[in-house]
Structure formats: structure tokens, C-alpha cells
Amino acid sequence: REDAAEFTGFDEATCCSETCAGFACPAGKLVRDDAANIKGSDEATCCVQTCSGYTCPSGQALKDGADGIVGSSATECCEPKGPLLTCNINCYGDAATAVPLPNGNGNGIPADSIETCRDACTSTADCEAIVFGQGKCYGKKDVEVTKCQADASFTTEILTKMPLGTCILMGDPHILTFDNPTGQIEDNTQLVGGDYAVVVSDKLTIDGRFGYSSRFPSEASLTGLSVTGSLLSGHKLVVEYRGPDKGEAGFKTTWNGVEILESLGTEYTSPDGVLKAKKANMNPDDFHNHARHTIGGEAGSGDRPSFLFEITPDLTIYALIGDETINAVITLRKVDGIDGYCGNFNCIPDDDTLEELDKRGLKAPLAASAFPESPIASAAKSSGDSPKTLNDCDPALLAKAEQSCKDAEDAMKEDCMFDICASGDVEAGTEDLITDAVGEEMEEKFTFMGLSLPSLAIAGISPQVQWMLVFSTVSLAAVGFAGGVWSRRFRRASSSARSGGFSRVAEDEEEALLMPRSVWEQQGLTSYNHEGDEFDSELDA
């Protein structure tokens, strides 16, 4: 005791008082450093708060060893968070929303390192990602990697909110993964019927049912999808062709086992708002330029019977309805541990091939799937020998396929030829070519004085007339603004130029985007505004 000199006695109870040295603090707290000199035996007296239970602000994470750090503030407990995802892509235009960074002038800020760029983003409200390259740093949010252009001179880092991506399953079926949205490498084609893991993760499971049809009797096509997981709050959505009618009447859709969308033109919203669904005539071109593949006619040819499922949060599935099959466009925000036939969504297309899926145990049909019913008999068994490769194709048919598909590019040529060999129908490949070529033309979206070609396509105006309108408008604008300013020129990345699995702009525009300021000024272009994603051009008087 401090006043021991005033006590008479030689026993512990009389002469001693308990200190904090032996006190056991609860989880999330530590005994004080000077505990041996502190008299007490309670939490308030003996313990201090550690950082283990602290919630860091957006863009920051707890320091390593937080349970051993005394503190209760961001300064004491937190440090800038590393990137959630790093990709060699340049995301501008409608691929992301610009977020102005501190001291920026509307055209990014100078940055001598990606760390400096990252720090600028983490200190800015709403900044979710950065694009860094050529000494410049740009803040971004709402990133859609499918719309970004591959570019080794730029790095996009996702810092606080995972990006959106799109996977499409089409035809018999060709699968363009989240990391291969434009077919830079060969798509995944699974010809054998069965239920397969399209998307698998801890929070979301999407199983695809591949079955046989009258159009493709000896190789499988997508006939249904089953969607479930905690992302859906434990609900289950199933859409599948059950027959016997062909077309939309033959498809059955259920939500937790209860049939919904029983006829064309109907809508459904779940009581808890997790699902908004409709079955109606929709334009496949609005969802993907390959959405019409083999079953949707020519690009720009108008609406077709379709499903649209909007699932909160951040999952949308569009399905074009064929006679017995569907084409599906799946758009979702990347979730942890994602894998399956749609890929692992890491910006590397080469690690999602069938060979790589086989290594990860994801290529084979599922022993048990989330579909509540077995496939119908007509879809469960092939009615003929399926060509495994083009080498298995009948020589006469292969010659026709080669001729019909000669104008296709890259992986789409092989897809076109295979569809002809698989179906025995030259028309199947011809539809692929028309869809691909016209779809790419329509995806070259010009915005000039408020005129957008896809908007005209929706209105049912043919591509030829659209171009006439555009060139007429350009001519009138050139006369009206001969001595003035032409501004706000933007062109979406063209999916016809394949590189790294992501869209690329036309070569001349790419050079304009990346050229130094001095070259812009020599050519009359004063700036390229990455923040607003536009060119500002001043013509000499």
C-alpha cells in the first residue's frame, strides 16, 4: 500500500493492494503498459481500446496487427487500402464516371507514381478507382470494364467498389467471359448437354442448362438458367424451356418455385423488392451487339420476345428467347471468389479457357445443380454425332462454311464456320456475320449535336439512312460553324478491333487520345478532357 508505513501487520490482506498487472482484458482491448503501477481490478481502470474493432473510412483499411495497436482514430488505426483489382486498361467515356481530383483542372492531375495517384483518389469523396498513365492521374467511379480499352500504357486500379462486367452466352453456346467480352481469344464452347457452373461464388450461383434443340440437334445450346445465393437474399430464380410450344410460350419462369411471367407483356416485382422482372418485346441490341447470335435476326431489326431480370444489388440478366433456346447477357458487379464458365473476372482472359476451367474442376457438368426439375427428354439427348472441331465437319459443308464466313474476323470466323457445321445450316453462320458486322457498326456510337445512332436504331431507321442523316447533319454543322468552335466529339470504343479482350478505339482516334499536349496544340486540339471525356478543339480564326 502507498500508506504502508501507517499500518501494523505482516499479511497480504493488510499490507497489499491489487494492481492491473494480472487483469485479463476482454477482446479488442489491451492491459495498460504501466499496469503494474496502477491499482485496480476493473476494465475501465486497467484496459485500453485497440484498433481491432475500429471501422476505417472509405479507401482505407486497418493496419496489420491492429489487435496490438492502441488507438481509436483513423490516424492511429488505418492506412490507404491497396487496389481490389488492377487492370491494364484505359476507362473513359461511358466506361466510367469521371471524379475530379484535388487541384485538378478538368483534365486529370499530374502524378509521378501510381501511389501518388492512389492517394489522391482515397482522399476524394466518391472516388472508387484511378486511371494512371503518361504522368497523369484520373479519378473514376462506376467502372464497367467491358467498355474499357486495352492499353499497356495505362493502369486502372479499382480501390473501393468492384467494377461491373458482362458475360454473354449465345448460340451453341459460345461464351464470352467477363475478361474476354469482344472475343480477342477463342470463346468457350461447350457442346455436351448438361448443367454447368456459369457463375460460382460464395454469394452467387448461376447454373446454366445446356440442351439440344431442333436447330442444333447434335450440340447443346443454352436452354435455361438457375440463379440463387445470398446476393438474392436466399431466393431462387429459374427460367427454362419446358415446351411443348415453341417460342416464348414454351418457357417457364419461377421465383422460389412459384411461376411468374406466364405470358408476353407481363411484369413481376417480388414483395421485398429483390427482383424486378418482365417478359416483353425488347431490342437485343440494347444489351449486347452479339445478343442476337443465331436466333435474333439481323442487328437493328427491332424488338424480339425477351426476359429481363433486375436483381438487387448489381445483377442484371437479359435473355433473348428463341424457339427452344435462349441467349443470355449477364451483367454483374464482381464478387469475391467468382469463377465458372463466365470466368474469374480478373482482367486476364487467358486463364478462363476450357483448359484452365478443367484444371480448376469447373469444366465438367455438375453432378447436382440448382435446377428443381430434370431437363425435358427432347433437350437431354443428342440426336446425332456432334462435331468436336472443324476437322470433324463434312468437307462439302466445311467448304460452304469457309465461303460464307470469309469476311468474319478473328475468333468470330471460327464461330461462324462451326455454327454452320454444327447445325448443317448455312443460314446459322450468315446470321452470325450480319449480327456481328451490323452490331459493330451500331456500337460505333457517335454523339454529335445530340444525335446518337443507337437511338435511331431503336426507332427502326436502317443503318444506311442513319449514316445519311449523320453526314447531312455534319455538313450543315460545318457550314453553320465555319468560323467557330467544334467541340464535344466522342466515339465509343469499337469492338471490331480486338485487343486484350477489351474494346479499342479506332487507330487514328487512339493516337489522338494519347498524343502529348504539344502535338494537340500543333494540330489545333487544345486538350483531351479525360474527366469529361471529350475533345476541346479551337480552330484558328
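The values are calculated or read from the model by the stated rules, or taken from the named source; none is laboratory data. What you are looking at is a predicted structure, and each value in this text was computed from that prediction instead of being measured. Here Cβ is always computed from backbone atoms with ideal geometry, including for glycine, and neighbour counts include all displayed protein chains. The protein model used for the area step is the full one, side chains on, heavy atoms only, and it has no ligands, DNA or RNA in it. Shrake-Rupley method; radii C 1.70, N 1.55, O 1.52, S 1.80 Å.
Scanning the range 105-159 for residues that are closer than 27 Å to Asp314 by Cβ and in a loop (DSSP other than H, G, I, E, B) gives Ser123, Thr124, Ala125, Asp126, Cys127, Glu128, Asp142, Val143, Cys148, Asp151, Phe154, Leu159. Filtering the range 39-47 for residues that are free of Cβ contacts under 8 Å to residues at least 24 places away in the same chain, assigned to a helix (DSSP H, G or I) and over 30 Å from Ile348 (Cα atoms) leaves a non-empty set. Has the range 327-344 got at least one residue that is open to solvent by 20 Å² or more (accessible area, probe 1.4 Å), small (Gly, Ala, Ser) and farther than 19 Å from Lys147 by Cβ? Scanning the range 327-344, I find at least one residue that is open to solvent by 20 Å² or more (accessible area, probe 1.4 Å), small (Gly, Ala, Ser) and farther than 19 Å from Lys147 by Cβ, so the answer is yes. Tell me, please, whether a residue that is farther than 19 Å from Ile158 by Cα and assigned to a strand (DSSP E or B) can be found in the range 72-79. No: zero hits. Considering only residues in the range 120-154 that are among the acidic types (Asp, Glu) and either touching a helix residue (DSSP H, G or I) at 6+ places or on another chain (Cβ under 6 Å) or at positive phi (or both), the one that is modelled with the lowest pLDDT turns out to be Asp126.
Among the strands (runs of 3 or more DSSP E) contained in the range 259-344, which hold 1 or more residues that are farther than 19 Å from Leu237 by Cα?
On the way: elements: 266-269, 275-282, 304-311, 315-321, 326-333.
Ranges flagged: 275-282, 304-311.
For Glu240, state whether it is under 25 Å from the mean Cα position of the chain (by Cα) and open to solvent by less than 20 Å² (accessible area, probe 1.4 Å). Write out each step before concluding.
Working: under 25 Å from the mean Cα position of the chain (by Cα): yes; open to solvent by less than 20 Å² (accessible area, probe 1.4 Å): yes.
When the stated conditions are applied, Glu240 passes them.
Scanning the range 55-90 for residues that are in contact (Cβ under 8 Å) with a residue 40 or more places away in the chain and of a type in the set (Ser, Thr, Tyr) yields Ser58, Thr86. Scanning the range 253-271 for residues that are touching a strand residue (DSSP E or B) at 6+ places or on another chain (Cβ under 7 Å), farther than 13 Å from Ala319 by Cβ and either open to solvent by less than 40 Å² (accessible area, probe 1.4 Å) or of a type outside the set (Phe, Trp, Tyr) (or both) returns Thr254, Trp255, Asn256, Glu259, Ile260, Leu264, Gly265, Thr266, Glu267, Thr269, Ser270. Residues in the range 138-159 that are among the hydroxyl-bearing types (Ser, Thr, Tyr) and open to solvent by 10 Å² or more (accessible area, probe 1.4 Å) were compared, and the one that is farthest from Ile114 (Cα to Cα) is Thr146. Filtering the range 160-187 to residues that are part of a strand (DSSP E or B), in contact with a Ser or Thr (Cβ under 8 Å, 6 or more places away or on another chain) and either open to solvent by 10 Å² or more (accessible area, probe 1.4 Å) or closer than 17 Å to Thr316 by Cβ (or both) leaves Leu164, Gly165, Thr166, Cys167, Met170, Leu176. Here is a check on your reading of the model: is Pro57 open to solvent by less than 70 Å² (accessible area, probe 1.4 Å) and either of a type outside the set (Ser, Thr, Tyr) or within 30 Å of Lys147 (Cα to Cα) (or both)? Yes: the conditions hold for Pro57.
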